[in-house]
Amino acid sequence: MANFTVVNHPLIQHKLTIIRDKNTSTKAFREVTNEIGMLMAYEITRDLPLEDVVIETPLVETTQKQLAGKKLAIVPILRAGLGMVDGMVDLIPSARVGHIGLYREHDTLDIVEYFVKLPQDITERRIFVVDPMLATGGSAIAALDQLTNKYNCKPENITFVCLVAAPEGIKALQAAHPGVAIFTAALDDRLNENGYILPGLGDAGDRIFGTK
Ligand code: PRP
Ligand code: URA
């Protein structure tokens, strides 16, 4: 599948097993989800451009590298995307954070949009849209529709970052937004009849916020 990466880092896989476990507490789930967010941030920023900068060490003048233009934006899909943001911002503190509020109607899986707040210069930024779960793809597609149609963001500036993806969600997202790169920590087996990912980790928002 084009433009699609499973991040196979051992630390990420280990931590993912912790949050998949139904016996993991809300506190541990929240902490570990943020840790995985930080590790994913390391992976998804590998291609950020660098520029030369002249500095002086205590010994000599030298030309070294620094990030060229620090215009990044992290855009969590509420609620569950919030669970990855602190870890990502720890690693890329200059990033601005926008929010897109969406949820799936439990019975119909229809997407309900309730909030959008983005940095005013979002079109100039490299954007990381984050949500732990990519199930049917409905939420991710709706968020990317907002960014590309309403806010004129270019698909090539957008990366979608999740922790657990279903093949159905990857396929739908690639069909709707072929220019958007997708990174996931795991590609699971399939969706169940209620639109939950198997084996998955359950309802990410409920597990992060302890609402069930
Ligand atoms: C979850 C998850 C994604 C969405 C994925 O959110 O965080 O946003 O479901 O499913 P999809 O790919 O089929 O759209 P949910 O709707 O439960 O809202 P919440 O984050 O507020 O709990
Ligand atoms: N949303 C979740 O939080 N979990 C799933 O398995 C599917 C959608």
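Throughout, read-outs are computed from the coordinates displayed, never taken from laboratory work. Note that the structure is predicted; figures quoted are calculated from it, not measured. Virtual Cβ from ideal backbone geometry, glycine too; neighbours counted across all protein chains shown.
The table for this structure:
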quantity	calculated
Karplus (6.51, -1.76, 1.60) ³J(HN,Hα), θ = phi - 60°, over segment 90-97, in Hz, Gly and Pro reported as x	4, 8, 10, x, 7, 5, 7, 10
Amide H contacts under 5 Å for F4, placed H, 5+ residues apart	I182
By average C-beta atoms within 10 angstrom, highest first, the peptides 96-109, 157-170, 54-67, 23-36	157-170, 23-36, 96-109, 54-67
Value of [θ]222 nm, deg cm²/dmol, for the chain, DSSP H segments ≥ 4, -39500 (n - 2.57) each, nearest 500	-9000 deg cm²/dmol
Under-5 Å amide H pairs with I74, H placed in peptide plane, nonlocal only	R96, V97, G98, F128
Of all DSSP beta bridges in the chain, antiparallel share, percent nearest 5	40 percent
Distance from segment 1-64 to segment 110-157 (C-alpha centre basis), Å	21 Å
Karplus 3J(HN,Hα) series, Hz, for segment 13-26 with 6.51 cos²θ - 1.76 cosθ + 1.60 (x for Gly, Pro)	4, 4, 5, 5, 4, 4, 6, 6, 5, 5, 8, 5, 6, 4
Pairwise FRET efficiency - T63 versus E168, Cβ, R0 = 41 Å, nearest 0.05	0.25
